[in-house]
1. Could you tell me the ratio Rg/Rh of the chain? Both radii from Cα atoms, Rh via Kirkwood.
2. Using the Karplus curve 6.51 cos²θ - 1.76 cosθ + 1.60 with θ = phi - 60°, work out ³J(HN,Hα) for each residue of region 57-64 in order, rounded to whole Hz, and write x for Gly and Pro.
3. Could you pull out every one of the lysines with an alpha carbon less than 30 Å from that of Lys80, ignoring same-chain neighbours closer than 8 positions?
4. Could you state the angle between the C-alpha long axis of helix 107-118 and the longest principal axis of the C-alpha atoms of the chain, as a value from 0 to 90 degrees rounded to the nearest 10?
5. Under 12 Å Cα-Cα from Lys7, which aspartates and glutamates qualify once same-chain neighbours fewer than 8 residues away are excluded?
6. What are the chymotrypsin sites (Phe, Trp or Tyr not before Pro) within region 1-91 that DSSP puts in a loop, where the Cβ has at most 15 other Cβ atoms within 10 Å?
7. Can you give the longest stretch of the chain with no exposed loop site, where a site means trypsin sites (Lys or Arg not before Pro) in a DSSP loop (not H, G, I, E or B) with at most 16 other C-beta atoms within 10 Å?
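Each value in this text was obtained by applying a stated rule to the coordinates, not by laboratory testing. Since the structure is predicted, the reported quantities are computational estimates derived from the model, not experimental observations. Glycine also receives a Cβ, built like all others from the backbone with ideal geometry; neighbour counts cover every protein chain displayed.
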Amino acid sequence: MKIRITKEFSFEMAHALDGYDGLCRHVHGHSYQFSVTVTGEPEVDGNSPKLGMVMDFGDLKKIISTHIVQPHDHSFVIRKGTLPEIRQGLDNHLFDRIIEVDFQPTSENLLVYFASILQPLLPPNVSLFALRLRETNTSYAEWYAGDNQ
C-alpha cells in the first residue's frame, strides 16, 4: 500500500528575472511556502522503530532544511552572467548569500532545480511525488514526478 506524506516549509528569498518585460525584472523578494510530498510503503517490520512510517518526518525535514531551505533563505538568486554590474555591486558590499543558477529563477524553474537536488537524497524506498512552491497567497507552481517521467 502506497502512502504519501508532505512536509511544509517557509523561507524568504529574492530574485530578479533578467530580460523580463514586467515588474519581476527588478530585484524583489517573496515569502515562499514550499511543500514536499514523498510516497512509499509504510514500514511493516514489527521490530523497526519506524513501524508504520513511510519516512520519519524529522528525517525529511533535515534533508529539505539542509539542502533547500537553509541555503536559499534570505538569499538572492540570479541567473549566471546576468546583470554583472549588480553582482559586482553586491560583491563590493560583502553580500554573501548570492546564488547564481544556470536558468531564469522563476518558480517553475526553481521547482525543477529543487527536484534535482532532493531526488538523490531520499531513501531508496521513498520517491519524490510532488513539490509546490508558493510565491504569494494566490500564486504557486507545482511539480509532479508523474508528469516528468
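1. On the way: Rg = 17.6 Å, Rh = 16.8 Å.
Radius of gyration over Kirkwood radius for the chain works out to 1.05.
2. Karplus values, whole Hz, x for Gly and Pro: 4, x, 5, 5, 4, 4, 4, 6.
3. Counting by Cα, and skipping residues close in sequence, Lys80 has these lysines nearby: Lys61, Lys62.
4. Rounded to the nearest ten degrees, it is 50.
5. Asp56, Asp59
6. Values: sites: Phe9, Phe11, Tyr20, Tyr32, Phe34, Phe57, Phe76; in loops: Tyr20.
Passing sites in region 1-91 are Tyr20.
7. Numbers: sites that count: Lys2, Lys50, Lys80, Arg97.
Free of exposed loop sites, the longest segment is 98-149.
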